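Contents: one structure, followed by commentary.
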Amino acid sequence: MEPVTTSFTEIINEEVIYQNPLLFLKIWELSFDSSQFGPPSPWSWHSHKQVEFLVVTEGLLGIQTKHEHTVLSPGDVMVLGSSQPHRTYKYSAGPLRQIVFQIDLKQHFDLSTMPYLHCFSELTHPLEEFNELFRTHTDVKQAAYELINQIYEESQSRKIGYELAISAAVKNLLLLLLRSDNRNLSAHADESGIARLRPALDYIDRHLSQRITVEDVCTLLNLSYHYFIKYFKKVMGISFVDYVNYKRIKKAERLLLTGDLSMMDVSFEVGILNMAQFYKLFKRHNQCSPKEFKQRMRSQAGAPPLLAQAD
């Protein structure tokens, strides 16, 4: 089959609805039994802010991005970065089985692991570069394949503690990539930088219910405004404002799930005094309103496993 040429017409911005709002991921199996195969239609380009892992369990899968055309075989793994335009198609006449795993990686970093977020920052290290690791290291590819299958099986079974199992598998997947990457991204981690920022990070945690300004933290660290904002993003892999908002929303999620506070009280508890701003930030992080978030979590126990079938 001739390589597919890149022709952008319209790129659909796909909205990903998480199966469990607290896990920030969606994983399902696609099954194609029809004998029809071939390049996709020109309007099938799509993207989403979530990172996507593709795993093939049977058959051949064609994948096209703006930079390359790839064919995956059984056992192969491929990662597509956030907002990367792509399209996939059935490459051969036989059956095709694939697992699609979409995840907001940054949501799986907490205070203790945040220093490694920059290793997966697409501003400096495109995630697609990990695909070379899968192509050249069979053991790494096999380990990633098994971890993604484990996440899929846990999401289907929903046995007690499946959230813990999935979170652990996600962290093991990140650890696998971090330690296997021949670019040695971990060497770029600035441990002294984290130590230098520790007073600022502790200050943020202690004052989440109050107004936090860059100027206050700059004074605390005795750094200039422009130096601090650049230094913080370099060390943490996220801007100061985005980090503070991330911490506020994480606290809001805990309050919504563990207490009976009103939305206004939750908003004030996390230091956001403008309700419109609170709803906007919450929806940006969770793709739903605080009320919808609470309702989804209460209904998770009875939700059926997700399975997609195509003929």
Pairs please, first residue from segment 92-105 and β-branched (Val, Ile, Thr), second anywhere and open to solvent by less than 20 Å² (accessible area, probe 1.4 Å) and part of a loop (DSSP other than H, G, I, E, B), Cβ atoms under 8 Å, 6+ apart in sequence or on different chains. Ile103/Phe24; Ile103/Gln50
In this structure, is Arg87 in a strand (DSSP E or B) and basic (Lys, Arg)? yes
Could you grab me the full set of residues in segment 93-119 that are over 13 Å from Leu54 (Cβ atoms) and touching a strand residue (DSSP E or B) at 6+ places or on another chain (Cβ under 9 Å)? Gly94, Pro95, Asp104, Leu105, Gln107, His108
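Inside segment 191-250, counting only helices (runs of 4 or more DSSP H) that do not spill past its ends, which hold 2 or more residues that are open to solvent by 80 Å² or more (accessible area, probe 1.4 Å) and over 18 Å from Ser112 (Cβ atoms)?
214-221, 225-236
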From the set of residues in segment 14-42 that are of a type in the set (S, T, N, Q) and under 30 Å from Tyr162 (Cα atoms), which is modelled with the highest pLDDT? Ser31
Which one of Thr9, Thr5, Thr65, Thr88 is among the β-branched types (Val, Ile, Thr), modelled with pLDDT under 90, farther than 30 Å from Arg254 by Cα and surrounded by 17 or more Cβ atoms within 10 Å (Cβ to Cβ)? Thr65
In this structure, does Lys294 turn out to be surrounded by 12 or more Cβ atoms within 10 Å (Cβ to Cβ), at pLDDT 80 or above and over 22 Å from His207 (Cβ atoms)? yes
Given the conditions (1) of a type in the set (Lys, Arg); (2) touching a residue at least 24 places away in the same chain (Cβ under 8 Å); (3) surrounded by fewer than 18 Cβ atoms within 10 Å (Cβ to Cβ), which single one is not true for Lys141? (3)
Quickly run through segment 251-283 and pick out the residues that are assigned to a helix (DSSP H, G or I), out of contact with any helix residue (DSSP H, G or I) (no Cβ under 8 Å at 6 or more places or on another chain) and either modelled with pLDDT under 90 or of a type in the set (S, T, N, Q) (or both). Arg254, Thr258, Gln277, Lys283
When segment 80-139 is examined, which residues are found to be of a type in the set (Ser, Thr, Tyr) and within 30 Å of Phe282 (Cα to Cα)? Ser82, Ser83, Ser112, Thr113, Tyr116, Ser121, Thr124
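The values are calculated or read from the model by the stated rules, or taken from the named source; none is laboratory data. Only a predicted model underlies this, so the values are computations on that prediction, with no experimental measurement involved. Every residue, glycine among them, receives a Cβ derived from its backbone with ideal geometry; neighbour counts consider all protein chains shown. What goes into the accessible areas is simple: the full protein's heavy atoms, side chains included, and nothing from ligands, DNA or RNA. Shrake-Rupley method; radii C 1.70, N 1.55, O 1.52, S 1.80 Å.
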